[in-house]
Structure formats: C-alpha cells, structure tokens
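The values are calculated or read from the model by the stated rules, or taken from the named source; none is laboratory data. Model, not experiment: these values are computed from the prediction. Here the Cβ positions follow ideal geometry from the backbone for every residue, glycine too, while neighbour counts run over all protein chains shown. These area figures cover heavy atoms from the full protein model, side chains too; ligands, DNA and RNA do not enter into them. Shrake-Rupley method; radii C 1.70, N 1.55, O 1.52, S 1.80 Å.
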Amino acid sequence: MKKNSLVGAFKDLLGAENVMESETDRMNYAYDAAVLAPVMPGLVVRPRNTEDIGAILKLCNENNIPVTVRGAGTNLSGGTIPSMGGLVMLTNGLQRIIEINEADMYAIVEPGVITAQLASAVAAKGLFYPPDPGSQTVSTIAGNVAENAGGLRGLKYGVSKDYVMGMEFYDATGTHVRTGSKTVKCVTGFNLAGLMTASEGCFGVYSQITLKLVPPPKASRSMMAVYDSVDQAAETVAAIIAAKIIPCTLEFMDNFTIRTVEDFAKVGLPTEAKALLLIEVDGHPAQVEDEAAEVETICKANGASRIQVAQNAEERNKVWEARRTALSALAKLRPTTVLEDATVPRSRIPDMVRGLDAIAARHKLTIGTFGHAGDGNLHPTILCDKRDREEWHRVEKGVEEIFELALGMGGTLSGEHGIGLAKAGFMEKEIGRGSIEFSRKIKRAVDPKNILNPGKIIGG
Amino acid sequence: MGDLKRLHRLLMDIDDMLAGCMRCGMCQSVCPVFARTLNEGDVARGKIALLEGLSHQMISDAEGVKCKLDKCLLCGSCSASCPSGVKATDIFLKARAALTEYTGLSPVKKAIFRGTLTHPELFNRLVDMGSKFQGIMTKKANAYHGTSCAPMLSSILGNRQIVPLASKPFRKSHPSMDTPAGKSGLKVAFYPGCLVDKMYTGIGEAVLKVMKHHGVGVFLPANQACCGMPALASGDTKSFEKLVDLNLNCFSGKGFDVLVTPCATCTATLKKVWPMMAENLDMKRRREIDALSAKVMDINQFLVDKVGVRPKDGAEGRAVTFHDPCHLGKSLGVFSQPRTLIQASGRYHIKEMQDANTCCGSGGSFNLQHYETSTQIGQKKRDNIVATQAEIVATGCPACMMQLTDMLASKGDKVRVKHSIELYAETL
Ligand SMILES: Cc1cc2nc3c(=O)[nH]c(=O)nc-3n(C[C@H](O)[C@H](O)[C@H](O)COP(=O)(O)OP(=O)(O)OC[C@H]3O[C@@H](n4cnc5c(N)ncnc54)[C@H](O)[C@@H]3O)c2cc1C
Ligand code: SF4
Ligand code: SF4
C-alpha cells in the first residue's frame, strides 16, 4: 500500500492523527501474543467511532486492501498478524458501555470495551458476566467474541459464544448489518451472530455487541485436592460430573507446574504431588454447602491424599493464587513460552498427560501442563528459547505431535485460543476437506475480494 | 549519526533481556501512558518489539525507536507486574544509552549534563543565581501552595505551577557533617539528593531533626553529586558514570551503617540502577558500587525497620492520604513503612486513596517532553487525592511532590503536599 493518494484518503476520512504510517508504528502492529514471526502492515488506522469502521472497510474493499482488525492483540494464534503491506484497524479505542439493562439482563457494548471492566461495571449493578479469560484485564470484548474465548468458569457458565445475544457489524463492503436481539428468544432470520462468533475477523468487523447477563451466585466454596497419581485426579473429575455436580471451576496442575509455582510463589503446594485439582462450587448457599461436602467425599474416595477447603476469603484467595501464578511461574523459566490448548474429552485426561510426558521425553522438551480439567482443555506449556534453532525445531515437532495426540483421542486442536495462522494448516485433519470447502464458500460469498483477515482459519 | 553496526551490537547485548518478553500484552493493564493513548508503541510490549525489530534489522529507524522509548515514565509498573519477569525499565535505560550513543545527545542536554550536572560546584552556583533571579522570571500563582507560573519561560514550562528554588540550598546551610552514633547505636550517611538540596530544604532539615531525636549519627560529606538518573534517562552514560564516580569518592569505604535518602528516585537509582549499569566498569569500581548499594535504604524504611518506629494504636487526628512513589513501592517494595511513620505520633491517621500505588505522571523529563499526557495522568491522581477529603497528601519522593503540587495548585485545591518525614519530624 505505497500509494500516497490512498494514505491521503484515509487521512481525509479519519484525520491525520488517526492514520499511522511510520516504520515504528507499523512494526508495533506486526505481531500478537502468538509465537510467530511478525509481518509489517502498510498502514494502521484508528476509527474515531463505529461509523468509521464502515467507511474504512469500503475504502479497503474498493482498493483491494487486506484488513486485519485488532483489539488488545493478546490472541495466541496469530489472528492479528496482518498481511504484508495490508491495513490494521484498531478497535481498542471504541470503549463505550452503551447500556447495562438490569430488568432484561443484557449489556450493549462497543467492540473495544475491556472484559474485566465490563465485568466490574456489571457487578456494580448486581449482575454477572461470567467469561473470564486469563487475559481479561486487557482483552477486548470483540477479541473475546471473535476468538470465542473461554476461561476458568467455562465448565458451568459456558464461554463467550454463550453470551452473545446479538450484534451489529460491518461487512467487507462496509455495509452495516444487524442481527439478534435483546430478547431471550429470537428467530428472525439466520443466526448470523452465531456465524460471526469465533470468526476471527474473517467475516466482518463488529461495531456493537449485545451480551447476556446472569444473576451472580450467592455463595461459593473453594478447595484444593492433592493426588499421588494423575489417574486418580482424572477419575475424581469424572466422578464429580457423574454425581451430577457441575463445579464452576475445576482446574488441574501437573507435577512440573506444581513444583515451578511453589518455587516461585511459595504458596505451600505439596511439591511431591503428581497432580492437584482446584475446585470451586457456587450457587445457592444451601446447595453450595451440600455440593462442597459431596465433592470432598468424592475426592477422598478417589484417592486424594490431602484436601484443603478454604474457610474464608483469604484462604480462597490462596487456593486460586496457585492457579493464577501457573502461567507466569512457568513463563519465567525460559525465554520463549509456547502455550498450547489442545482439548480432549475429559475422560481422556490421564492418557493425554501420559502422552504429553512421552512427547516431552522424546523431543527433550520442558512441558508444564495445567488447565481446565473439567473441560478437558489442558494447556501444555512448552518452555524453550526460539533463538536456538535446533531446540525450536524440536518444539515444532512436539507441537505437531500434541495436535495428533489430541485428535487421536477425539479431541480438538484448540479449546479456546483460536486457529488464526498458527493452526490453519492442521484444520483439515480435524474437520475434513468438506468442512473447509464449505467454510471457504461462505467466505467467498461474504468477502469476494478476500480482504477480511486473509489467511486466517481456512488458509488461502 | 553514529555507527549502525555498533548500535546493533549494543542492542544484541540486551537480546537475552528482550527475549524474555512473550508479547502477552498484559502490561497494557498497568501502563499509565498506554491508558491515555491506547497506542502499542507506548506500552512495554511495543517498545520491546521495536528494540527487537531494530536489533534484528527488521526496521532501521533508530531515531523513531528512540522517540517511542522516550515516551515512558520509567515508572516500572510494567516490570512489577510482568508475568514473564521482564525487567522492562532496565531494558529501557540500557537501550536509551545505546540509542543516544548512536543518535548523539541533543546540544541542550549536553550542556546540562556534561557542562553542569557533572560539575557540582558550578551547578550549585548556577542554581544559587537562579534562586535570586527567579522573582523576575516568574509570578506568584498560588499563595497556598507557594507555587508560581513562569510567563517568560512559558515556551518551555507551559503553565506549570512551579515549586520555587530555596533561597538558601540545604547543602549551603549544612556543607558537611559527621556526628557519632548516639543512643540508637546507628550511624547513617545522608544523601539528600538534588531536589531536597535545592527546593525542598525542609525535608533535609526534617531528616536531621529526626536523626538527632533518635540518636543516630550522621555523615554528610561535601561535594555530593546528582545520582545520575536524569543523565541516564537521557541515555548519557558518560555523565552518569562521572556522577557515580563523584559520589563514590564521597561515600565509598567511609564508616556508616546505612546510606539513607528521602528521595525515592535517588534510593532506587543508587540501590538498583547503579549495580545494573556497572557491568562495563572495572572490577574495583564494581565492587565499590555493590558494597555501597547494599547499604542504601529509603528513610522511611530505615526508621521503621532499623530504628523501630511503631504506629500508635488507633491513630486518630488529621487525615493524611499517602501516594506511593513508583520508585518506592513498585521498585523497592516499600509500602507500609511511610504509613507507619505518619501514624507514629497519633496526630495523623491514614485515609487511603483509590489507586495509591499508581504513577502520578511525573517521570522526570517525561513531564517536560510530554506535559499533556503527564498532566492527564496527574489529574487522575489529583482526583483520587481530593476524593479522600484528606487535608494532607504525603509521599516519599520530592519529584512526585512537585507533580502533585502542580496538579493540585492548578485546580486551586486546598490539600498540602508533604513528605512523610516532614510530618513525622513535626511531631517530635
Ligand atoms: C496471558 C494470556 C492468557 C490468556 N488466557 C486465555 C483464556 O483463559 N481463555 C481464552 O480463551 N483465551 C485466552 N487468551 C487468548 C486471548 O487473550 C483471547 O483470545 C482474547 O479473546 C483476545 O482478545 P483481544 O482483544 O486481545 O483480541 P485480538 O488478539 O486483538 O484479536 C483476536 C481476534 O479477534 C479479531 N477481532 C478483534 N476485534 C474485532 C472486531 N471489532 N470485529 C471482528 N473481529 C475482531 C481479530 O481480528 C483477531 O482475529 C490468553 C492470552 C494471554 C496472552
Ligand atoms: S513486557 Fe511482560 S507483560 Fe509486557 S508483553 Fe512482554 S512479557 Fe507480557
Ligand atoms: S515504565 Fe511505566 S510508562 Fe514506561 S512502559 Fe512501563 S508502565 Fe509504561
């Protein structure tokens, strides 16, 4: 995009201060949180309001300029790595919470609203927005919806897609589209909001999102269970679900992660334990009381060597401190942190953990595994140094084998981090040729010039 | 313009530090500058990506990178919360040095750092003259805060409410001092720092009063120089090293238990930045620096941890709110001690403000280069202070005091800005 007249056109449209063309500015939008090589865009623009989004897209479409829309740039799959010389559109400045409706329990927000800020604004009105990705203090709602981000509460409360009631967006030509509604029920037309969710900026750019809110739980109880074997921990998970209890959070940590967290944070974890489960049940106080007791019994029956139930807010904090520091403790070990999220049916967790150990041994890799046991969504985290070519080669091999391992167990490439560029090449293995072709047909129909985040998810 | 190859080499020296950044972007949640601009180039991740881009030759605009690097408060909020343990401010200081070597120091900065700051006697004489003439250049703007505006200098200073230079610098009243340990059995070396010497002399007097009260001996050598932070922040390692040398000559190997300063920035610089930047110095100097740095302590911390000052139970009295200077809290982990000190007499109690631990937006020369952003950040702090309805805002760094005074005075707020040691000294 070297044509100066085009840069001039964007400046006329948005004002010079919202158009960035210097080398440093472009370098600043060449990457995201994925461990992938940066790609320099040709121009970076900032819409001043939601209408600008349409005008920017129209101009891009007329001039065949690829557009990558970016929120906080925290996705882990290269979803915001632009096309070489393409345009990056920043929606992180559109931060208005338009409405929080207590009577009908929904919120309408602009795309750049920060997840945690929405959650606290909603909490201030006595309601609850549950999706809580680990990046919630910085991630944008649009980024969450476009990646269908999950979080610790996914097991009971679902993920981002479960909260999208409707949205407004601009399509590739800059045409404004509205779908969904503020009502619980709505069957007016195709479920376009469903199609737009998890679309990683490939089908259009959200300008407004309507989100479902729920009443907050009245009580909660947290506990930590310690195990001498991964199998026992996994059996516990299965037994809890079989007892028809859905904890809001059911997290797992392997021995390597336990040791690393303890080394770093000194929160008193048993470093000899082979696995930890961190469990929280919530809901009505009486129900929480019953379920917590039952979960404790199940943990014991399945071989937990120790169970620690948090008696107050401080102890509860301590239980979760361990989980919260997992990623940062691991990340400090080596320069490069590859955070994977292959997901398996929860009954296969022991096989998955064994498989991961084997991969680590085979390729001489350091892998710490933690994650959402209740969802079968583990985060094997490979600690390495990407500057060491030989080691990096082994990491790439290991990652490939992790994907195959998960797929072989009827699992999926990505539970919540998205496909982007990082996993686009593995898609066919999981969903098959037909699905890819169908997706490409939709993409061609809604974006004939392929300007919307080309190359993501379905390649091409 | 300097040698591009050498720049690459200097940047490759910090490659290990850069490589630790996993681009997670979590620093966006704490960076005060990013909160204002939402630009990636203003947050640690963006700056580190630019440095890697430059050192790996993906980009070549060193001037542009330097410009982005300079738009930073060096507040350390990013380093303090980075999940990957990236020492962002250390990176920025080293990179500023490398880039400045390449682009050259601006003539104004050269005159200030190489011509003046590194010659303490000349610096003192100039400031002395300045204090006599400042009435001509400035007009009284706010009688309550004792600040003034500088219409003649407004092209540089804008409408800042400036705290005046002292009519007699602290070091002129106390050129040197060496008293033995008293009942405490302790002796400190006292490093007031430039701002206490030249503007906030009352803080220096308060320190002496408190030390006397507790029977702590004081060693105050003549010819102390600036801690070097302003020079280093501008990438001038040459002046920085000269200043370190001057100060080592004053303090190294002298008999004292602890070196105290009432300036959070000086404390953090002496304690952490000196050893970090000492890598290129000879063994002897490095050892001297390590030995001295180990003894450096913030004044609040010294009084509470070493002398044993305790808060009075159920402290009542007037409400004081405390602002945690970045270089005290986030950098040195000193949070509780100044609060203890303030509540030691029972005449004051602490009324916490929201976000006491976020930056006030001063950031040394950041305030001069980016006054608008600095003011926006500062006004948020001001709002939080005023919301407590406390009569006094205390803090532990004269640089923060200047910024807080500017922010409060410009809104005509009746809140006094004080150093915690002043409040404590008053009650003895
Ligand atoms: C430390 C860390 C922890 C994380 N923890 C979790 C976790 O627990 N669970 C989880 O699911 N993920 C997690 N993530 C991944 C990431 O934070 C999420 O994917 C998040 O939703 C991305 O939000 P963002 O605002 O950064 O989006 P970006 O990274 O900026 O963008 C993500 C995608 O959304 C698209 N997009 C952005 N704005 C729009 C718009 N207005 N319209 C259309 N498309 C748009 C982009 O084109 C891109 O494809 C984590 C990441 C990090 C670094
Ligand atoms: S500096 Fe730290 S917090 Fe910021 S992106 Fe890098 S690793 Fe993440
Ligand atoms: S030091 Fe402060 S201003 Fe500079 S990048 Fe870090 S958080 Fe932002």
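Values as computed for the structure displayed
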| read-out | value |
| --- | --- |
| Residue count for region A:415-460, restricted to those that are basic (Lys, Arg) and open to solvent by less than 30 Å² (accessible area, probe 1.4 Å) | 3 |
| Pairs where the first residue, in region B:16-31, is in contact (Cβ under 8 Å) with a residue 60 or more places away in the chain and more than 9 Å from ligand 2 (Cβ to nearest atom) and the second is not small (Gly, Ala, Ser) and not in a loop (DSSP other than H, G, I, E, B), C-beta under 6 Å, 6+ apart | B:MET17/B:ILE91; B:LEU18/B:ILE48; B:LEU18/B:LEU51; B:LEU18/B:GLU52 |
| Within region B:179-233, tally of residues that are assigned to a loop (DSSP other than H, G, I, E, B) and either of a type outside the set (S, T, N, Q) or crowded, with 22+ Cβ neighbours inside 10 Å (or both) | 19 |
| Selection within region A:101-142 - assigned to a strand (DSSP E or B) and closer than 17 Å to A:ALA72 by Cα | A:VAL109, A:ILE114, A:THR140 |
| Residue list for region A:370-389, restricted to those being open to solvent by 50 Å² or more (accessible area, probe 1.4 Å) and part of a loop (DSSP other than H, G, I, E, B) | A:LYS386, A:ARG387, A:ASP388 |
| Selected residue (criterion: farthest from B:LEU208 (Cα to Cα)) from residues of region B:228-268 that are touching a strand residue (DSSP E or B) at 6+ places or on another chain (Cβ under 9 Å) and among the charged types (D, E, K, R) | B:LYS254 |
| Residue count, region B:350-370 (criterion: among the polar types (S, T, N, Q) and either touching a Ser or Thr at 6+ places or on another chain (Cβ under 6 Å) or surrounded by 24 or more Cβ atoms within 10 Å (Cβ to Cβ) (or both)) | 2 |
| Helices (runs of 4 or more DSSP H) wholly inside region A:221-334 containing at least 3 residues that are among the small types (Gly, Ala, Ser) | A:230-242, A:285-301, A:326-331 |
| Residue list for region A:390-414, filter: farther than 29 Å from A:GLY201 by Cβ, within 14 Å of chain B (Cβ to nearest Cβ) and either open to solvent by 40 Å² or more (accessible area, probe 1.4 Å) or out of contact with any strand residue (DSSP E or B) (no Cβ under 8 Å at 6 or more places or on another chain) (or both) | none |
| Those residues of region A:390-416 which are part of a helix (DSSP H, G or I) and farther than 18 Å from A:GLY355 by Cβ, in sequence order | A:GLU390, A:GLU391, A:TRP392, A:HIS393 |
| Residues of region B:20-34 satisfying the condition of being within 13 Å of another protein chain (Cβ to nearest Cβ) and open to solvent by less than 10 Å² (accessible area, probe 1.4 Å) | B:GLY25 |
| Test for A:ALA292: is it over 22 Å from the mean Cα position of the chain (by Cα), of a type in the set (Gly, Ala, Ser), open to solvent by less than 10 Å² (accessible area, probe 1.4 Å) and within 27 Å of A:GLU272 (Cβ to Cβ) | yes |
| When residues of region B:37-70 are limited to those that are under 22 Å from the mean Cα position of the chain (by Cα) and more than 11 Å from chain A (Cβ to nearest Cβ), the one most open to solvent (accessible area, probe 1.4 Å) | B:ASP70 |
| Qualifying residue in region A:352-369 (condition: within 25 Å of A:VAL39 (Cβ to Cβ), small (Gly, Ala, Ser), crowded, with 16+ Cβ neighbours inside 10 Å and at pLDDT 95 or above) | no |
| Enumeration of residues in region B:71-93 that are closer than 20 Å to B:ASP324 by Cα, within 11 Å of chain A (Cβ to nearest Cβ) and crowded, with 22+ Cβ neighbours inside 10 Å | B:CYS82 |
| Some residue of region B:371-393 being of a type outside the set (A, V, I, L, M), assigned to a strand (DSSP E or B) and either open to solvent by 40 Å² or more (accessible area, probe 1.4 Å) or farther than 22 Å from B:THR37 by Cα (or both) | no |
| Failed item in (1) under 15 Å from B:VAL43 (Cα atoms); (2) more than 12 Å from ligand 3 (Cβ to nearest atom), with B:THR89 passing the rest | (2) |
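Conditions tested, residue by residue: (1) at pLDDT 95 or above; (2) touching a Phe, Trp or Tyr at 6+ places or on another chain (Cβ under 8 Å); (3) among the hydroxyl-bearing types (Ser, Thr, Tyr); (4) within 16 Å of ligand 3 (Cβ to nearest atom).
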{"site": "A:ALA146", "(1), (2), (3), (4)": "yes, yes, no, no"}
{"site": "A:GLY154", "(1), (2), (3), (4)": "no, no, no, no"}
{"site": "A:TYR157", "(1), (2), (3), (4)": "yes, no, yes, no"}
{"site": "A:TYR163", "(1), (2), (3), (4)": "yes, yes, yes, no"}
{"site": "A:GLY166", "(1), (2), (3), (4)": "yes, no, no, no"}
{"site": "A:ASP171", "(1), (2), (3), (4)": "yes, yes, no, no"}
{"site": "A:VAL177", "(1), (2), (3), (4)": "yes, yes, no, no"}
{"site": "A:GLY189", "(1), (2), (3), (4)": "no, no, no, no"}
{"site": "A:GLU200", "(1), (2), (3), (4)": "yes, no, no, no"}
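Yes/no per residue for (1) surrounded by fewer than 22 Cβ atoms within 10 Å (Cβ to Cβ); (2) in contact with a strand residue (DSSP E or B) (Cβ under 7 Å, 6 or more places away or on another chain):
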| residue | (1), (2) |
| --- | --- |
| A:PHE252 | no, yes |
| A:ILE258 | no, yes |
| A:ALA273 | no, yes |
| A:ILE279 | no, yes |
| A:ARG306 | yes, yes |
| A:ASN312 | yes, no |
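Quick grid of which residues meet (1) aliphatic (A, V, I, L, M); (2) surrounded by fewer than 23 Cβ atoms within 10 Å (Cβ to Cβ):
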position: A:SER5; (1), (2): no, yes
position: A:ASN28; (1), (2): no, no
position: A:ASP32; (1), (2): no, no
position: A:VAL44; (1), (2): yes, no
position: A:PRO47; (1), (2): no, no
position: A:ILE53; (1), (2): yes, no
position: A:ALA72; (1), (2): yes, no
position: A:LEU87; (1), (2): yes, no
position: A:ILE97; (1), (2): yes, yes
